[in-house]
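Bear in mind that the values in this text are calculations on the coordinates, not laboratory data. The structure displayed is predicted, hence computed values, not measured ones. Glycine also receives a Cβ, built like all others from the backbone with ideal geometry; neighbour counts cover every protein chain displayed.
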């Protein structure tokens, strides 16, 4: 008796279903993709109990005749490809011919369909992969597929499903992504009889569809992006740094209208925003990428949710540079407007709170110290206002508040600049530029500094002596557990606590010592630390000349609007906002 045997059809179908049907969202994805490939302009989805009890997808697409409907439920039966060449240039969402039979193998499935040319439709029912009924049926043109009791015959798979809320959230994101990609198609999603998405109207623009899903206010926070070259067309929107999220779940990439997951694309976005956002914050991304189908492989995953580009470095570079250029060229200074979007009642509560705080701050007692520092000596900023930077009309420095914030005027708007955050940005970009040109200047210490380290730190620092030299530090071993620092980057100046700074750098070297560290990320983190330690602090009084110098230097930066950690350097208060505060409007 042989040990190896051919599996029966029932086991084969369930194994295939396990590859294609991971969870209820997988079913919804396959059915919607079939509807879109059928040319549907209206798609309606209904689910119950997170999709485990019921999934229904109906459309007004081309439909199928009786013979095609029967064949559609056979494995590897498809209308999408004919030969190997078609696989290399796939332009449809589905193509394998596995989805319907795989779904039918682990559910009770009913398919009802009619072409526009036929007066009567056709219906097939299957239970656990076995056909139970075929009949004529009255139905509108198009196709409707109902899937009930998903995984009823695979209890192990059912056991590993998450909560209804989790499964529903996966379906919601899926429908969102497909509705964004096919913004001209009408979508509606109902959960347990309640509408949760839509109905989204047909013929929407991409921006209108984003607004329909995320609310109209998001349009104010979006920056348009458009890139075209010989290989691809990239279009869409990215959020201003003023709008960010705790996860990257608000990043949508559509490659040739196919919503995809891609580490390359996620990393490109992360690198583009770099130091603009605070740690653990992520932008919203809505990008449509049109590329020659032969340059992208959609056949690397059974559910087609991942893709591979033939030139991943090229795609990465285009997206990174495109987003950087957009962020650099667009005005992204946050505006003061704390009442924006609040109801009238909440606005009154906010205003009353502010009135109370103002009265207690300034009328209950005298302000302590010199809170508002405005130049009193003649000619502090010159004999007349001299615009020093910015757009039309330039920026005029007015003074300093609390020895921390610089107040300036640009046209009729007031700018408030955080002097520490601003200098962080200036110093960070100075270090980055110098390093990219292999010219980080060093200065010799009059008194070299000796530091002791644990043995594990000693090993890592010793391995990075050449790297440290490249960023301005001259160090050498000085005993079994000591290093001596002879030179430091010139930018640090005399006020920086070099001892503490280098201890922080040593900790970063340890953090990035395991495996194959990303030296670019490590260098960036060290430069952020150096920029912070070497910058003017909050509470440091600045002369008029120093304030002017800061503003001039800040607006020479590629990204002057945030510090390297993502905090804003500048906020703007418009004349209209001032008038609201003083009840003039």
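So for each of 526-534, 400-408 I average, over its residues, the number of other beta carbons within 10 Å; can you give me the resulting order with the highest mean first?
Numbers: 526-534: 22.0, 400-408: 18.9.
The peptides rank, most packed first, as 526-534, 400-408.
Considering Cα pairs under 8 angstrom that are at least six residues apart, work out the relative contact order of region 369-585 and quote it in whole percent.
Answer for region 369-585 is 29 percent.
Counting only C-alpha contacts under 8 Å and six or more residues apart, can you give the relative contact order of region 165-217 as a whole percent? Spell out each step's value before the answer.
Working: 52 pairs, mean separation 15.1, N = 53.
Here the relative contact order equals 29 percent.
Does region 369-585 come out rounded, prolate or oblate, given a ≥ b ≥ c as the square roots of the eigenvalues of its C-alpha gyration tensor, rounded meaning a/c under 1.5 and, failing that, prolate meaning a/b above b/c?
It comes out prolate by the Cα gyration axes.
Answer rounded, prolate or oblate for region 33-74, using the Cα gyration tensor with square roots of eigenvalues a ≥ b ≥ c: rounded when a/c is under 1.5, else prolate when a/b is larger than b/c, else oblate.
Oblate.
On the principal axes of its Cα set, how long, how wide and how thick is region 206-329? Give whole Å, largest value first.
So the extents along the principal axes, rounded to whole Å, are 37, 29, 27.
Let me make sure I get this right: for region 243-297, a, b and c are the square roots of the gyration tensor eigenvalues over alpha carbons, sorted descending. Under 1.5 in a/c it's rounded, otherwise prolate if a/b > b/c, else oblate. Which is it?
prolate
At R0 = 30 Å, how high is the FRET efficiency between residue 280 and residue 416 if r is their beta carbon distance? Nearest 0.05 is fine.
That gives a FRET efficiency of 0.70.
In whole Å, what is the distance between the alpha-carbon centres of region 157-199 and region 484-556?
Region 157-199 and region 484-556 have Cα centres separated by 47 Å.
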